[in-house]
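Worksheet: the structure to be examined is printed underneath.
Every number here is computed from the coordinates shown, using simple stated rules; none is lab data. Being a predicted model, the structure only gives us computed values, none of them experimental. Glycine also receives a Cβ, built like all others from the backbone with ideal geometry; neighbour counts cover every protein chain displayed.
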Amino acid sequence: MKSRPKLKRLDLTSQMPKTMKTLILSTLFILVTGLSISQDCERIVRDCEKLLKENTNGSDFISDGQVYTAFLDREKAQFNTTFFGGTTYRIAASAGSKDNFVIFTIKDPQGNILFSNKNYKNAPYWDFKVIETLPVTIETELDLELKVTGCAVMLIGFQK
Amino acid sequence: MKKTLLKPVFLTFVCGAFLFSCTTDNQDNQDNIDNEVFDPNSSLNTVFDGKIFSIPSPVQTAYLIKSLDLPFDGTLLNDDKTVGEYVTDYKQALNLGIYGTDLGYSTLYDQKNVTMRYLSSVEKLTSELGLDAAFDTSFLKRFEENNGEEDSMILLMSDAFRQADNFLKQANRKSTSALILTGGWIESIYIACQLNEKKSNTDIRRRIGEQKQSLNSIIKILQEYNKGGSNDGLIAELEDLEESFDKINMTYEYAAPETSKEEKLTTFHHTLDIEIDDVILNEIKTKIEAIRSNITNA
């Protein structure tokens, strides 16, 4: 009986220069990390959606149709929006369900601080009764004592 | 020794960063390395410049119109029969925003037949834009089941638009997201201007004046996600519109807000006076008509 020719195992990695191996492994690491960040953000968006529905006293908050996401790294994210008069708004923010990681601050056009959840144990949501329309600046940051880097998500809802 | 270790690590980061950067649609901002906010959905070397944009929901203006007991005016809506004529992503995204606002307006007035027609237009454009996940059969079923319950329908619709926005941002299609928001905003101001033209109303005039900040955000978001200069024409038109808005006088006076810890509620007590005369209002109306016409004409 003829014996089969022994197949030589092709070990690409053993033939690769060490530099190339490191390069591929590290690139994979970066790709996986990027994917993981994206998945984390998705999970946090879902957590945040629940906050928009909590304790609404029977009148749901209608989403403004947008998701505000930022990957924060010891920095602040800032944006402007308008709160229309005769409306109650809810701001919900999350960077993970284990703790209240996000600090959000609302400032008026003169830079006066109108509210910061920092004064209320970083409450993950807060409601705002707006009698007259107001252009505001909203600043978001992580509480660095709890988390220094990560995905932060904010949602805005309103009651008619 | 040190040299041999550092070289592959450096090469790795350059290569990894390059691979990620291939997926982004926003190449204009890659120079802004020193900015504050990192987009989790973009590459490690693709930073967007510390800005998040927020455009108030157009549904809020529809709620205001309804609260003023103004009758429903179907002639103001964009013709739903033209939906098939929008063939580019650019036109589809802008007109999705426009039809979305029309859908909200007709829903609030319990216009069942009109609502179903505009739902169909929204469904067609979301499908064309690959947003079926947000406007899937489950959403359509629930929306139809709630027909007549306008608050529930608005809630479902707003949630679907939020899911679409999230999907687009995750998929690095922020330019499409920006165009949808822009279309929605333009349609809400168009409807407000037309209704005010028919019968002048203090609340509507004020609401139009209150859009100054939103217009500024709209221009910035279009500039930020301006793929290949595709938004240039629209930006120029909106900047011209901004010149009219700049003529509106706004006087803000601070007053300390009041917070109830138990209710998790803060009430704002400031005042904001808005002066907008007929000439400015007419200018805004004329410019909005032209901008909208350029969008809705296929």
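Quick notes
- Highest to lowest packing among B:170-182, B:72-84, scored as the average C-beta count within 10 Å: B:170-182, B:72-84
- Electrostatic bookkeeping for A:S97 treats Lys and Arg as +1 and Asp and Glu as -1; over the other residues with beta carbon under 14 Å from its beta carbon, the sum is -1.
- The range A:41-159 shape via C-alpha gyration tensor axes, a/c threshold 1.5: oblate
- Computed from label points 7 Å out along Cα-Cβ, the spacing between B:S127 and A:K147 is 3.9 nm.
- Amide H contacts of A:F115 (H built 1.01 Å from N, under 5 Å, at least 5 apart or other chain): A:I106
- Assigned charges on the beta-carbon of Lys, Arg, Asp, Glu; the range A:41-159 dipole about Cα centre (debye): 160 debye
- Annotation: amide H-H contacts under 5 Å for A:V136 (H modelled 1.01 Å from N, sequence separation of 5 or more, or interchain): A:T81, A:T82, A:F83.
- Remark: the range B:89-99, residue by residue, has Karplus-estimated 3J(HN,Hα) of 4, 4, 5, 5, 5, 4, 6, 5, x, 5, 5 Hz, where x stands for each Gly or Pro and the curve is 6.51 cos²θ - 1.76 cosθ + 1.60 at θ = phi - 60°.
- Computed log₁₀ I(q)/I(0) - Debye formula, equal Cα scatterers, no solvent, the range B:223-298, q 0.14, 0.21, 0.23 Å⁻¹: -0.71, -0.93, -1.02
- Over all Cα atoms in the range B:172-274, the spread is summed up by Rg and Dmax: 17.2, 51 Å.
- Listed residues B:I288, B:T267, B:Q194: farthest to the positive end of the dipole of the range B:145-297 (Cβ charges): B:I288
- Residue mean of other protein chain beta carbons inside 10 Å, A:120-126: 2
- Peptide B:57-64 shows a mean partner chain C-beta count of 5 within 10 Å per residue C-beta.
- J(HN,Hα) series, the range B:285-298, from Karplus relation 6.51 cos²θ - 1.76 cosθ + 1.60, nearest Hz, glycine and proline x: 4, 4, 5, 5, 4, 5, 5, 5, 4, 5, 7, 7, 6, 5
- Linear extension gain, B:K199 paired with B:S152, 0.36 nm per residue minus alpha-carbon span: 13.9 nm
- Per residue of B:211-223, other chain Cβ atoms within 10 Å of the residue Cβ number 2 on average.
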